[in-house]
Amino acid sequence: MLPQRLTMITLGVSNIARSASFYEALGFRPAEFDSPDVRFFDMNGVVLGLYGHDALAKDATVEPQGQGFRGVALALNLANEQAVDDALAFAEDCGAEIKKPAEKVFWGGYSGYFADPDGRLWEVAFNPHSPLDENGRMTLPPPAAQ
C-alpha cells in the first residue's frame with residue numbers, strides 16, 4: 001500500500017520565470033534553490049514545483065498534450081466565505097484570471113476558481129463540513145459507522 005500523503009505537486013508550465021513571479025506575488029515562499037530550469041515553493045508541508053511543460057512530459061516519457069483541461073484542479077480551503085472572496089480578489093490582483101466568482105455551491109460550501117498563467121485551475125473554497133485544523137489543514141469527518 002502507498003503512504004497516504006502528498007509531498008509534492010509539480011506543474012508543467014510554459015514559462016518558468018513568469019509562473020514563479022505569479023506564485024511569488026501570491027505570497028508563496030520560494031526555496032533557496034535557484035535554477036532557471038525548475039523552481040520550488042514551500043507550501044506548509046507540501047512542495048510546489050514549477051518545471052517546463054515539455055520537459056516534464058519528456059521526464060515522464062509521455063507526449064505533451066497541449067493546454068486543454070486535464071481533469072485536475074488544485075484547491076485552497078479557507079476558514080470562511082470572506083476569506084475566499086479576499087483570496088480570489090488577491091489572486092486577480094496578482095494576475096490570475098477569475099474563471100468562476102465565488103458562490104454558494106451544491107455541496108453546502110462556498111467556492112470560486114481562478115486560473116494561473118498556464119490556465120491551470122485553482123479552487124478557493126470554504127467547506128463547513130471539513131473544518132481546518134490549527135495549521136490550516138483540512139480535517140475530514142470520520143467515516144459513518146457501518
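The values are calculated or read from the model by the stated rules, or taken from the named source; none is laboratory data. For clarity, every value in this text was computed on a predicted model and none was experimentally measured. Quick reminder, even Gly has a Cβ in these numbers, built from the backbone with ideal geometry, and neighbours come from all protein chains shown.
Going through Glu24, Glu97 one at a time, which residue ends up being surrounded by fewer than 17 Cβ atoms within 10 Å (Cβ to Cβ) and more than 24 Å from Arg137 (Cβ to Cβ)?
Numbers: Glu24 fails: more than 24 Å from Arg137 (Cβ to Cβ).
Checking each option against the conditions leaves just Glu97.
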Notebook entry, point to check: Consider Arg120 against the criteria (1) modelled with pLDDT under 95; (2) over 26 Å from Gln65 (Cβ atoms): it satisfies all of them except one. Which criterion is unmet?
Noted result: (2)
Margin query: Quick check on the range 1-37: of everything there that is aromatic (Phe, Trp, Tyr) and part of a loop (DSSP other than H, G, I, E, B), which residue is modelled with the highest pLDDT?
Written below: Phe28
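Given the condition more than 26 Å from Leu132 (Cβ to Cβ) and hydrophobic (A, V, I, L, M, F, W, C), answer yes or no: does some residue in the range 72-93 qualify? Walk me through how you get there before you give the answer.
In the first step, residues of the range 72-93 are kept if they are more than 26 Å from Leu132 (Cβ to Cβ); the result is none.
Within the range 72-93, none of the residues are more than 26 Å from Leu132 (Cβ to Cβ) and hydrophobic (A, V, I, L, M, F, W, C).
Keeping to the range 5-17, report how many residues are surrounded by fewer than 15 Cβ atoms within 10 Å (Cβ to Cβ) and either among the small types (Gly, Ala, Ser) or touching a Pro at 6+ places or on another chain (Cβ under 8 Å) (or both).
Initially, the range 5-17 is screened for residues surrounded by fewer than 15 Cβ atoms within 10 Å (Cβ to Cβ), giving 5-9, 14-15, 17.
If we keep only those that are either among the small types (Gly, Ala, Ser) or touching a Pro at 6+ places or on another chain (Cβ under 8 Å) (or both) too, we end up with 14-15, 17.
Residues flagged as surrounded by fewer than 15 Cβ atoms within 10 Å (Cβ to Cβ) and either among the small types (Gly, Ala, Ser) or touching a Pro at 6+ places or on another chain (Cβ under 8 Å) (or both) within the range 5-17 amount to 3.
In the range 71-78, is there at least one residue being crowded, with 16+ Cβ neighbours inside 10 Å, at pLDDT 95 or above and outside the structural domain of Ala25 (by TED's automatic domain parsing)? Step through it out loud before you land on a result.
Of the range 71-78, the ones crowded, with 16+ Cβ neighbours inside 10 Å are 76-78.
If we keep only those that are at pLDDT 95 or above as well, we get none.
No - not one qualifying residue is present in the range 71-78.
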